Amino acid sequence: PPAGGFVFSIKGSRFITHIKKLKDCQEPVERFFEAANGVLKNAEVGWRLGESSNASVPPMAGYAPHQNQCGTSEDIASRQSSPRSSLNVVLWQLPPGWKINYPRLESFLKILPKTFRHAFELRNPTWLTGDVYRLLKKANAAVVFQDYPGWPITQEITTDFVYLRFHGRTSLYSSCYTEKELTGWADKIKAWQKKGLDCYAYFNNDSLGCAVENAQTLKKLC
């Protein structure tokens, strides 16, 4: 959306990623995006309810280049002054126990709508290969940079944006990041932005209420 817009991300259906494991997903993907389209329409109306009655409801939007932003959750990537909302990125989180299946991923990428950005959270180390990175690069899809205990932090850039998920540095979902740790990430984000990359950052360490505070700190540091 234009400057001043509202953008957000959603997580792809667990039925697609965990039950079907990306197999034969043409119909499930179509149904998922039909549902997402309804959510997007409701978001437009919801924002309108808080505005004056003489303002018009802005049109729905798919992906369009936008300003770099830091976010607080998968539902709210950034909030600016305009009521306009736009679904920008769809997160596809693969099961941690599912090992690499290159043909399955290749087929799945072909059926995804190009009107949105797509990011893949690869949670089994067998997926972290050059072949997979090249496949995602060809499809203009991102590898999620995920931070949690025991996981190698992948920083393979495969498209024109970076998608980060912070799950907790020392304890999954329940540890707060220090300002020193976030400063390191902020420096990386600013470097990526200088290269023209859009950056999305989300915090999932919400068990003890750390996510919002950490997101606000990171935004300040950026």
I'd like to know if segment 88-100 contains one or more residues that are modelled with pLDDT under 80 and surrounded by 13 or more Cβ atoms within 10 Å (Cβ to Cβ).
no
Taking segment 115-152 and keeping residues under 24 Å from residue 15 (Cβ atoms) and free of Cβ contacts under 8 Å to residues at least 12 places away in the same chain leaves none
Kindly indicate whether any position in segment 2-19 is assigned to a helix (DSSP H, G or I), at pLDDT 90 or above, over 17 Å from the mean Cα position of the chain (by Cα) and hydrophobic (A, V, I, L, M, F, W, C).
yes
Out of 128, 135, 172, which single residue is touching a Pro at 6+ places or on another chain (Cβ under 8 Å), among the hydrophobic types (A, V, I, L, M, F, W, C) and either within 24 Å of residue 28 (Cβ to Cβ) or modelled with pLDDT under 90 (or both)?
172
So which residues in segment 209-222 are of a type in the set (A, V, I, L, M) and either exposed (fewer than 15 other Cβ atoms within 10 Å of the Cβ) or touching a His at 6+ places or on another chain (Cβ under 7 Å) (or both), if there are any at all?
212
Considering segment 160-208, residues that are exposed (fewer than 15 other Cβ atoms within 10 Å of the Cβ) and touching a Leu at 6+ places or on another chain (Cβ under 7 Å), and then whichever is nearest to residue 117 (Cα to Cα), we arrive at 160
Quick one: which residue in 172, 182, 197, 218 is hydrophobic (A, V, I, L, M, F, W, C), out of contact with any strand residue (DSSP E or B) (no Cβ under 7 Å at 6 or more places or on another chain) and closer than 22 Å to residue 10 by Cα?
172
Please go through segment 151-169 and give me each residue that is modelled with pLDDT of 90 or more and within 16 Å of residue 190 (Cβ to Cβ), ordered by number.
157, 161, 162, 164
Members of segment 172-190 that are touching a residue at least 24 places away in the same chain (Cβ under 8 Å) and within 16 Å of residue 213 (Cβ to Cβ)
173, 174, 175, 176, 177, 179, 182, 183, 185, 186
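The values are calculated or read from the model by the stated rules, or taken from the named source; none is laboratory data. Everything numeric in this text was worked out from a predicted model, so none of it was measured. Every residue, glycine among them, receives a Cβ derived from its backbone with ideal geometry; neighbour counts consider all protein chains shown.
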